[in-house]
Structure formats: C-alpha cells, structure tokens
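First the structure, in the form of structure tokens, and then the observations on it.
All of the numbers you see were taken from the coordinates with simple rules; none came from a lab. Everything numeric here is computed off the predicted structure, so don't read it as measured data. Don't worry about glycine lacking a Cβ; one is built from the backbone with ideal geometry, like all the others, and counts go over all protein chains shown.
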Amino acid sequence: MKVAVMQPYFLPYIGYWQLLSEVDHFVLYDDVNFIKKGYVNRNNLLINGMIKSFTIPLIKASQNRLISEIEVDSNQKWRQKLLKMILLSYKKAPYFGEIYELLEEVINSEYNLISEIIVLSIQKVSSYLMIDVEISVSSQEQVGIGLKGQRRILEICKSKKGTHYINPIGGIEIYDNAFFQEEGIELSFISTSSKIKYKQLGKGEEFINNLSIIDVLMNNSREEVIDLLKQFTLTTKS
Amino acid sequence: MKLYEIISETFNVKTSELTNDTMFLELDGWDSMAHMMFITNLEDAFEIDFEGDDIVNVSTIGELKDLLKKYEVVEL
C-alpha cells in the first residue's frame, strides 16, 4: 500500500497529480499550519502567453492557524472573476468545453472552508483523469496529534496500513530512512521531469512549466495528460 | 538575477530578502511540493539535469550557486 501525505493545494501543478496518481492512499494534510506564501489557495495560468496568478480569497488566513480552520471569503466575487479569467485565457484551447464545465462545477459548489473546495477539486480532477486513489483528510481522522514532522507522517502512514511512503523530493532533508525502515515502511521521493512539454495556447515554441493543472487539462487530451503523469522518477535516500 | 527571480516566483518572496545565507527550508513559502517545483524550474531555466543527490544536499542559496557553477551555469 503506497501512501502520500501532502498539504492541500487548489488545482496545483502537475507534480502534485503525479504524486496523487502514484499512491493508493493520499492523505490531505490539512491540520497543519497554513503556509501564507505557499500554494494552498493560489496558482498560475497563462493569459495571452503571459503568466498570471489567481488566488482564492480567505478569511483571517495566517501561519498561526491550521489550514483546516480557514474559510473562503464568500463575500467577494472571486468565483465569477476566476471563471471569467479562465474563460478569457482558454476559450480557444482544444479541451476548453469539458474542462471549463468541470471547473465551473468545482468553483460554484457549496463550501465554507478552503480544504473543502480543494477536496472537491481533487476528487473531480482525479475522476476525470481516472486516477484510482483513496483520499482522506487528516483533520477528520486526528491520527498522531501532538507528534511533529516525520513522526506524525509515519503514524498517519501506519494508520493507512502503508508499506511505502512517497514524498516530494523537496522534503528529503527532513526524512530519515532508518526511521521508516524500523517500521517496515519503504521511503521514496518523487521528482517531476523537467522535460514535460506540451503545446500551450498563445505560446510558440516557448514553454512555461509548472502552471496550474488547468493549463495542462485545457491543452491536452485526457490520454495525453495521463501520459504526462507518468513522467517522474522515484528515488530513495542514500 | 535569473536565479533570484526563480526563487522569488516559486516561494513568493521578495528578491531583496534573499542572501547567500538564506536557507530554503526557512522561506515562508517553503514546503516539499514547492521545493520539487523549484528543482524543475531550475533545470528548465538553466537547461541542466541535476545528477544523484546533488540538488538535495543543497540547503542555502550560496550552496546552490556553487552547485550551479559545477554544472557550468555562468549567468546566475
């Protein structure tokens, strides 16, 4: 049983979906502190070939609060704005119709918390990409409360009967192989290929990488995206 | 400046706040997923492929500059 534990991101870049598609169980780690300058509620799109960021407005988001506690600001007209931005950016994209409909369903659904809209977006996109993964939310299960760092991750992994834990390569420094091995759990790190390229609307030969999955979905067929999801490597810590 | 722009864009930090001693783990926007994105941004921008544990052993901007020099990146 492969397990990943990762903070929730709203419609993140392809590396996040590669991790999601590689594991059997994906735990959305939302009972940790919000990362104010991170990617929980923001990402980038292309408008007329230029990078443009989008953000979901939040109420009292700070690094002293848990992601699971943070509400989306429903007073702002951000839903219409974001949908309009997507419409203007991608209306001529080859897969605009079905993807816009999917995004409209996510963005216009009922939710209060940022983690709720993220869970919904992950479920919808995973289903579209036929990713067979079980998703759970750490704040709803309360496993290993009081533990920090890799100790808590290990407890969560064990609670899912995990035999193999996979983390993004960026976290390699804070993980100890022996610590996982003692519990019979294999530890690996995923790296996205920097060779991922596809034809982007509004760009010639130039390619802008690591945009929101929206850009990937709008410009590629489902089968092409599924192929892109396989372009990663798994390594172990020596 | 290219390097500082990549760091700034990936971790949502001002370039003026960055020095050679800045540790990636201590940036406000750091998490392991953002760091993974950062690695592909570097490989793409400088047209290199990091080998083995090279990039994962880097903790500070200064160490990253040294590593990029090893990969014959001249313009940082």
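Computed from backbone phi with θ = phi - 60° and the Karplus coefficients 6.51, -1.76 and 1.60, the 3J(HN,Hα) list for the stretch A:161-171 is 6, x, 10, 8, 9, 10, 10, x, 4, x, x Hz; x is used for glycine and proline.
This ranking places B:Val74, B:Val13, A:Val27 by how few other beta-carbon atoms lie within 10 Å of each, fewest first, which gives B:Val74, B:Val13, A:Val27.
Quick note on the protein assembly as shown: its Rg to Rh ratio, both from C-alpha atoms and Rh being the Kirkwood radius, is 0.94. All Cα-Cα separations within chain B were binned at 5 Å from zero, giving a P(r) of 3, 16, 31, 31, 16, 4, 0, each value a whole percent of the pairs.
Arrange the following residues from fewest to most other Cβ atoms within 10 Å of their Cβ: A:Trp78, A:Trp17. With the sparsest Cβ surroundings first, the list reads A:Trp78, A:Trp17.
Between A:Met85 and A:Leu120, what's the calculated FRET efficiency when r is the beta-carbon distance and R0 is 25 Å? Round to 0.05. Could you put the intermediate results ahead of the total?
Details: r = 19 Å, r/R0 = 0.77.
Working from the Cβ atoms, E equals 0.80.
Determine the sum of side-chain charges near B:Asn12: Lys and Arg each +1, Asp and Glu each -1, restricted to other residues whose C-beta is under 13 angstrom from that of B:Asn12. Can you show the working numbers first?
On the way: positive: A:Lys36, A:Lys37, A:Arg42, B:Lys14; negative: B:Glu5, B:Glu9, B:Glu17, B:Asp28, B:Asp31.
Its environment carries a net charge of -1.
Mean partner shielding of peptide B:37-44, defined as the number of other chain Cβ atoms within 10 Å of each residue Cβ, is 6. Note on chain A: GNM, Cα springs under 10 Å; of A:Glu224, A:Glu186, A:Glu205, the largest mean-square fluctuation is that of A:Glu205. The string of couplings for the stretch B:5-15 from the Karplus curve (6.51, -1.76, 1.60, θ = phi - 60°) is 5, 5, 4, 4, 5, 6, 9, 6, 10, 6, 4 Hz, one whole number per residue in order, with x for Gly and Pro. Short-range pairs are left out: with C-alpha atoms under 8 Å and at least six residues apart, the relative contact order of chain B is 36 percent. In plain terms, the chain from A:Ile47 to A:Asp73 could stretch by 6.9 nm, reckoned as 0.36 nm per residue minus the Cα-Cα distance. For chain A, the longest principal axis of the alpha carbon atoms and the long axis of helix A:96-107 meet at an angle near 60°. Counting Cβ atoms of other protein chains within 10 Å of each residue's Cβ and taking the mean over peptide A:34-47 gives 3. Which residues does a label at A:Lys92 reach in the stretch A:45-63, if reach means a backbone N under 12 Å from a point 7 Å past the Cα toward the Cβ? Within reach of a label on A:Lys92: A:48-49. For chain A, the relative contact order is 29 percent, taking Cα pairs closer than 8 Å that sit 6 or more residues apart in sequence and dividing their mean separation by the residue count. Sequence-ordered 3J(HN,Hα) estimates for the stretch A:225-238 from the Karplus curve with 6.51, -1.76 and 1.60 and θ = phi - 60° stand at 5, 4, 5, 5, 5, 8, 8, 8, 10, 10, 10, 10, 8, 8 Hz, glycine and proline given as x. Among beta bridges identified by DSSP and lying wholly in the stretch A:1-141, the antiparallel ones come to about 55 percent.
Under a Gaussian network description of chain A, with springs only between Cα atoms under 10 Å, the residue in A:Leu113, A:Leu28, A:Leu88 that fluctuates furthest is A:Leu88.
Once you've got the GNM for chain A with C-alpha springs shorter than 10 Å, pick whichever of A:Ser212, A:Ser53, A:Ser68 has the biggest mean-square fluctuation. Sorting by GNM fluctuation, first place goes to A:Ser53. With a 10 Å cut-off around each Cβ of A:10-18, the average count of Cβ atoms from other chains is 2.
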